[in-house]
Structure formats: structure tokens, C-alpha cells
Amino acid sequence: MAYWEQDIAEIILTEEQIAQRVGQLAEHISADYQDCELVLVGILTGSFVFLADLMRQLTRRCQVDFFDVSSYGDDMTSSGEVAILKDLSLPVTGKHVLMVEDIVDSGRTVAKLVEVVKDRQPASVKVCTLLSKTARRELAVELNYIGFEIPDYFVVGYGLDYAQRFRSLPFVAVLKDDAMLTHRE
Ligand code: PRP
């Protein structure tokens, strides 16, 4: 039995489904940025798996940088505050910026960071997210590339965590209720 089997209630996106969709997104993005270099901006920590797979499928030159923010901590609900813990290292003025998220839930994180980037006068800013939970949106944010629209389940895997665990699962899954109690610490 795999180490995760006792904790997982249901796999909602398989490794194959994710890989296929990431390839399609990369194709769309590569087509949309034909003559320009991109700055891919990942939002730590959850986006690093998606970003790593996406960037290797792009057929355009790109730079990569990261924001780190605090919002959820180890809890399952947003504190409503988004504070920048690590800013970008690269300048983005005059650059084409693509923000890369694992999931957009309330929209607070990405809305805040798009504003921060826009203040630096980039050539353009767009958002690519693997997962979107429209049902939980609190702020209207334009999502230019969406991998999958998902229902309001708490999901883990492919970069997404519960109490910093389960990020390494190659699929996206719903945890069992008792796994949430076990892994709360
Ligand atoms: C998650 C996710 C997004 C954010 C989305 O990050 O990676 O950044 O929440 O939620 P929102 O749309 O309600 O703002 P989290 O704060 O859990 O941190 P992590 O990426 O380190 O897991």
C-alpha cells in the first residue's frame, strides 16, 4: 500500500490528466507570446510543481522569479491578509509577466500581487492558474489561463498542501476527514 492511500478519499485529477492539460496550457501561452520574452512569476509555495512542469513545455524564452506571501498559514481558511514575505528579485518594468498559481480560491493572493506587479509598469500582466474554485471567489480577478475549474473541495497534491504535507503527490486529491485530524500538527 502506498504511503498516501490511508489519507486520500478520492483522486480528482490524475497525473495523466494534469500532464495533458499542462501541455495544452503551455501551447496556448507559447502561441500568445510569440515575439516576446516572458517573466514567469510563481507564488510560493504551492505553485512550484506546476511552474516547473509548465516552463519546461513552453517554446518561448523565459525568466523565472517568485513571490512568497503569508495568507493561509497551515489553516484551511484565508486570514484575509496577504503580506509579502519575499519580493521579486528581477525587475519587471517593461516585461511581459505571467503570474503562475496552483489555485485561485478567494482571489485575494493573486489580486494583491497583480496590483504590486502593475505598479512596476510591466508591458503586460496575465495570470495562469492550474486550479480555480470560482464558487469561493471574493474578489473579481481576471484569470487568463485556467487548467481546471474544481468544486469547493479542499484538495492536496501537485504542490498543494495540508499542514505542509502532501505537496509531493503527483495527482490532485481530496483528503479523508480523519487524515485532516491526524496531520493537523
Ligand atoms: C494558496 C495558493 C494560493 C492561495 C490561493 O496558498 O497557493 O497562493 O492559497 O488562495 P486565495 O485565492 O484565497 O488567495 P497558501 O496560502 O495555502 O500557501 P502555500 O502556497 O504555501 O501552500
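From the phi angles alone, apply the Karplus equation (6.51, -1.76, 1.60; θ = phi - 60°) to the stretch 161-167 and give each ³J(HN,Hα) in whole Hz, x where the residue is Gly or Pro.
With the stated coefficients, the stretch 161-167 comes to 10, 10, 6, 6, 10, 6, 5 Hz.
Using 0.36 nm per residue of separation minus the Cα-Cα distance, give me the extension gain between R165 and R120 in nm, one decimal.
Using 0.36 nm per residue and subtracting the Cα-Cα distance, I get 12.8 nm.
Mind checking which of P91, F66, Q24 is farthest towards the positive end of the chain's charge dipole, using Cβ charges of +1 (Lys, Arg) and -1 (Asp, Glu) about the Cα centre?
After comparing all options, I get P91.
Place a +1 charge on the Cβ of each Lys and Arg in the chain and a -1 charge on the Cβ of each Asp and Glu, then give the dipole magnitude about the Cα centre in debye, rounded to the nearest 20.
540
So which residue, out of D102, D68, D119, gets the largest mean-square fluctuation from a GNM of the chain using Cα contacts under 10 Å as springs?
The residue with the greatest mean-square fluctuation here is D119.
If you take every DSSP beta bridge whose two residues both sit in the chain, what share of them, in percent to the nearest 5, is antiparallel?
So the antiparallel bridges in the chain amount to around 30 percent.
Name the most mobile residue of G23, G46, G157, meaning the one with the largest mean-square fluctuation, in a Gaussian network model of the chain with Cα contacts below 10 Å.
Result: G23 has the largest fluctuation of those listed.
With r as the distance between the Cβ atoms of T14 and R56 and R0 = 22 Å, compute the FRET efficiency 1/(1 + (r/R0)^6) and round to 0.05.
Efficiency, from the Cβ-Cβ distance: 0.65.
Stretch A135-D32 to full length: gain in nm at 0.36 nm per residue minus the Cα-Cα span?
Residue separation times 0.36 nm, minus the Cα-Cα distance, leaves 34.3 nm.
Can you give me the relative contact order of the stretch 39-183 as a percent, contacts being Cα pairs under 8 Å and 6 or more apart?
Result for the stretch 39-183 is 21 percent.
R184 to T45: FRET efficiency via 1/(1 + (r/R0)^6), r the Cβ-Cβ distance, R0 22 Å, to the nearest 0.05?
Given R0 = 22 Å and the Cβ-Cβ separation, E is 0.75.
Taking the Cα-to-Cβ direction at E81 and at D65 and moving 7 Å from each Cα, how far apart do the two end points lie in nm?
It works out to 2.6 nm between the two label points.
Please report how many Lys pairs in the stretch 8-182 have alpha carbons closer than 26 angstrom, counting only residues at least 8 apart along the chain or sitting on separate chains.
13
How much FRET efficiency would the formula 1/(1 + (r/R0)^6) give for E5 and S89, where r is the Cβ-Cβ distance and R0 is 25 Å, rounded to 0.05?
Efficiency for this residue pair is about 0.05.
Tell me, Kirkwood radius of the chain from alpha-carbon pair distances, in Å?
16.9
Return the sequence-ordered ³J(HN,Hα) values of the stretch 15-26 in whole Hz as given by the Karplus equation 6.51 cos²θ - 1.76 cosθ + 1.60 applied to θ = phi - 60°, using x for Gly and Pro.
Karplus-based 3J(HN,Hα) across the stretch 15-26 equals 4, 5, 4, 5, 4, 5, 5, 4, x, 5, 4, 4 Hz.
Only Cα pairs within less than 10 Å get springs; with that Gaussian network setup on the chain, which residue of L40, L169, L90 has the largest fluctuation?
In this elastic network of the chain, the residue with the biggest mean-square fluctuation among L40, L169, L90 is L90.
No lab work stands behind these numbers, since they all come straight from the coordinates. Since the structure is predicted, the reported quantities are computational estimates derived from the model, not experimental observations. Here the Cβ is made from the backbone with ideal geometry for all residues, glycine too, and neighbour counts use every protein chain on show.
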